[in-house]
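Novice: The following block contains the structure, expressed as structure tokens.
The values are calculated or read from the model by the stated rules, or taken from the named source; none is laboratory data. Worth saying up front: this structure is predicted, and the values here are computed from it rather than measured. Positions of Cβ are generated from backbone atoms using ideal geometry, with glycine treated the same way; all protein chains shown enter the neighbour counts. Ligands, DNA and RNA are excluded from the accessible area calculation, which covers all protein heavy atoms including side chains. Shrake-Rupley method; radii C 1.70, N 1.55, O 1.52, S 1.80 Å.
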Amino acid sequence: MKRYGLVAAFCACVFISGQALAEYKKGDFIVRVGTAAVDPTDDSDNLYLNSTQLPGTRVYVDTGYSASITGTWLFADHWGLELLAAAPFKHNLDVRGLPDPVTGQTLGRVRLGDIKHLPPTLSVQWYPVCTESPVQPYIGFGVNYTHFLSEHINSAAQRYFDTVLGAKSRARLKLDDSWGLAGEIGIDIAFARESRWQLNAAIWYLDIDTDATIRFFTDGHRASRINVNVDIDPFVYSLGIGYRF
């Protein structure tokens, strides 16, 4: 529904702003600020406990929301270089398929913890229409770096590790940082004739793959480890305003 709603917003704004006049030219700098949703198309391998595969298990990553900001420098007519930044996005993590400590049956989807991440992305953009158009669609292609922080195991998951896996210490969650490709489509629409203010909507697709590791100690101070490879690969939806300098 998010994708259909964003497309509808594009179309509505095109009709509303049809009489505006704007001019994009070499040397312009555009700042866009908005609200963004990171919507994972997540998948994962089975979890491994100390190198032993746990069949039927996997990790889920929920949608996260935050403020976004981008800066674009038009280094030539029709061509720009954009940097995407944001406040940290927070995501809940769930896990499925672990054995129930009471019945021995497999559990459904239960909460594991939460994480935050920062997704700075550098893209080359192409603006295909004439530089005087009031409506400026664009596409971009670039590279994403994702830094994970504030990884946290929740109390229910910690109790599970204590009772079922014999944990004698607090479990620690760590996600490796990720490099991947990125693609985007977007549109700028001028507010009024010759206005430098504009409405912006954009969609990114980010290739984010990470290895997640949970560590804790058991009897005899032996280290135990759970690890899993997670493909987050989100669509990022952003709606906001921009100003062209």
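Novice: Out of the strands (runs of 3 or more DSSP E) lying entirely within the range 124-193, which hold 3 or more residues that are within 18 Å of V95 (Cβ to Cβ)?
Specialist: Working: elements: 135-153, 172-175, 178-190.
It comes to 135-153, 172-175.
Novice: Can you tell which of L83, L74 is under 23 Å from G34 (Cα atoms), aliphatic (A, V, I, L, M) and open to solvent by 50 Å² or more (accessible area, probe 1.4 Å)? Give the derivation first.
Specialist: Details: L74 fails: open to solvent by 50 Å² or more (accessible area, probe 1.4 Å).
Among L83, L74, only L83 is under 23 Å from G34 (Cα atoms), aliphatic (A, V, I, L, M) and open to solvent by 50 Å² or more (accessible area, probe 1.4 Å).
Novice: While we're looking at this one, here's another question. Given the options S44, S68, name the one that is within 22 Å of K174 (Cα to Cα), touching a residue at least 40 places away in the same chain (Cβ under 8 Å), out of contact with any helix residue (DSSP H, G or I) (no Cβ under 9 Å at 6 or more places or on another chain) and not β-branched (V, I, T). Please lay out each step first, then the result.
Specialist: Numbers: S68 fails: within 22 Å of K174 (Cα to Cα).
Just a single option satisfies the conditions, and that option is S44.
One line per residue, one yes/no per condition, for (1) over 17 Å from T41 (Cβ atoms); (2) without any contact (Cβ under 8 Å) to a residue 12 or more places away in the chain; (3) touching a Gly at 6+ places or on another chain (Cβ under 8 Å):
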{"residue": "P137", "(1), (2), (3)": "yes, no, yes"}
{"residue": "K174", "(1), (2), (3)": "yes, no, no"}
{"residue": "Q198", "(1), (2), (3)": "yes, no, yes"}
{"residue": "A202", "(1), (2), (3)": "yes, no, yes"}
{"residue": "Y205", "(1), (2), (3)": "no, no, yes"}
{"residue": "Y237", "(1), (2), (3)": "no, no, no"}
{"residue": "G240", "(1), (2), (3)": "yes, no, yes"}
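Novice: From A223, A192, A156, which residue is under 26 Å from V38 (Cβ atoms), modelled with pLDDT under 95, open to solvent by 10 Å² or more (accessible area, probe 1.4 Å) and more than 16 Å from the chain's Cα centre (by Cα)?
Specialist: A156
Novice: Across the range 94-116, what is the total count of residues that are open to solvent by less than 20 Å² (accessible area, probe 1.4 Å) and touching a residue at least 40 places away in the same chain (Cβ under 8 Å)? Give the derivation first.
Specialist: Restricting attention to the range 94-116, the residues satisfying the condition of being open to solvent by less than 20 Å² (accessible area, probe 1.4 Å) are 94-95, 97, 112-113, 115.
Filter again for touching a residue at least 40 places away in the same chain (Cβ under 8 Å), leaving 95, 97, 112-113, 115.
Going through the range 94-116 one residue at a time, the tally reaches 5.
Novice: Within the range 195-212, count every residue that is under 29 Å from D177 (Cα atoms), open to solvent by 20 Å² or more (accessible area, probe 1.4 Å) and part of a strand (DSSP E or B).
Specialist: 4
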